[in-house]
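Colleague: Pasting a structure below so you can have a look.
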Amino acid sequence: MTGSDRTIASGARVKVLLSTYNGAPFLRELLDSLLTQSYGNVVIDVRDDGSVDDTNRILDEYAARHPTIHTVRGENLGVIGSYFFLLNEAGDDFDFYSFCDHDDIWHPDKIRDAVTRLSSEDSDRPLLYCSRVEFVDEAMNRLGFSPIPRRIGFGNALVENIAIGCTVVVNRKARELILSREPGRMIMHDWWFYLIVSAFGEVIYDEKPNIRYRQHSGNVIGGTPNMAVNVFRRLKVFMQAGKELFMVSDQASEFENRYGPLLDRDGIMLLSRFIGSKKSLLSRFRYSVTMDVWRQSVIDTCMLRVLILLGWY
């Protein structure tokens, strides 16, 4: 560890927020990876969201042995409600707040890398760190890596989430901003965080994969060497997403209701054009040609234009 890393480690306090739900098969591996981080000064808050397996027994066992682990049990709020509860109850006296899933494994330098990157930025601005992940199967065999985003920003956050929740770390200013408004409806909490910080602060993406992101049976991830199969899979995902009751335009409207008055002129214009594009077929056609939102993949952006024409967004 360098001298600058020692300075960071001795000062910045990190709180890890973990929501569990029936995660017993993988929980020990995750907790062991948290406890063997190369970065010190870490406290772990765990909220169980109504598990009926051995999750709470494992949590009690670890909490009894490790004073840095604090646990609480609650009714089933769902993943979004549980993480907002944790973030709200985390307290104001930490510098960074790191989110965690119960079935992943963290590499030893995960927290250190995040804190190092965040500490080099202006702490008076909302900051969000996220990173690439290594996909693995249930036996921890490598399946591949998440794609590296080409362009990050508010226009991307409106239609795509690049901030995988278990990699996300936010600073105190971001936490304050996230909790300053009622969250309302959203697609997922990590996507909501990306929206907020991309609009008002800075998103820091780390190309180094510091998490082994476990894929359970039935999960479909990544791509294949066959381009035609890749395109078919992406189209299938988009068609299913387009038919969801709560769409990206709904999330954008929720964001406008809560954070619209805080946006600068460019943000207001971008958001209003996106939301207003849904008024008619003509407006959708015009917006699909001149849209200022984007997804990371060229193929996905082309599919987004089609979905906008169809009104499935």
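The values are calculated or read from the model by the stated rules, or taken from the named source; none is laboratory data. A quick note: this is a predicted structure, and the numbers were derived from the prediction, not measured. Because the Cβ atoms are built from the backbone with ideal geometry, glycine has one as well, and the counts that use them run over all protein chains shown.
Colleague: Of the numbered conditions (1) among the β-branched types (Val, Ile, Thr); (2) more than 30 Å from Arg185 (Cβ to Cβ); (3) loosely packed, with under 14 Cβ neighbours inside 10 Å; (4) modelled with pLDDT of 95 or more, Thr7 satisfies every one except a single condition; which is it?
Modeller: Evaluating Thr7 over (1) among the β-branched types (Val, Ile, Thr); (2) more than 30 Å from Arg185 (Cβ to Cβ); (3) loosely packed, with under 14 Cβ neighbours inside 10 Å; (4) modelled with pLDDT of 95 or more leaves (4) as the failure.
Colleague: Can you tell me which residue in segment 124-143 is surrounded by the most Cβ atoms within 10 Å (Cβ to Cβ), limited to those that are in contact with a Lys or Arg (Cβ under 7 Å, 6 or more places away or on another chain) and in a loop (DSSP other than H, G, I, E, B)?
Modeller: Filtering segment 124-143 for residues that are in contact with a Lys or Arg (Cβ under 7 Å, 6 or more places away or on another chain) and in a loop (DSSP other than H, G, I, E, B), the one surrounded by the most Cβ atoms within 10 Å (Cβ to Cβ) comes out as Pro126.
Colleague: Given the structure, is Arg212 of a type in the set (Lys, Arg), assigned to a loop (DSSP other than H, G, I, E, B) and in contact (Cβ under 8 Å) with a residue 12 or more places away in the chain?
Modeller: Values: of a type in the set (Lys, Arg): yes; assigned to a loop (DSSP other than H, G, I, E, B): no; in contact (Cβ under 8 Å) with a residue 12 or more places away in the chain: yes.
When the stated conditions are applied, Arg212 does not pass them.
Colleague: Going through segment 150-163 one residue at a time, which ones are buried (at least 18 other Cβ atoms within 10 Å of the Cβ) and more than 16 Å from Tyr213 (Cβ to Cβ)?
Modeller: Answer for segment 150-163, where residues must be buried (at least 18 other Cβ atoms within 10 Å of the Cβ) and more than 16 Å from Tyr213 (Cβ to Cβ): Ile152, Phe154, Gly155, Asn156, Ala157, Leu158, Val159, Glu160.
Colleague: Modelled with pLDDT of 95 or more, of a type in the set (Asp, Glu) and surrounded by fewer than 16 Cβ atoms within 10 Å (Cβ to Cβ): is that true of Glu207 in this structure?
Modeller: Here the answer is yes, as Glu207 does meet what is asked.
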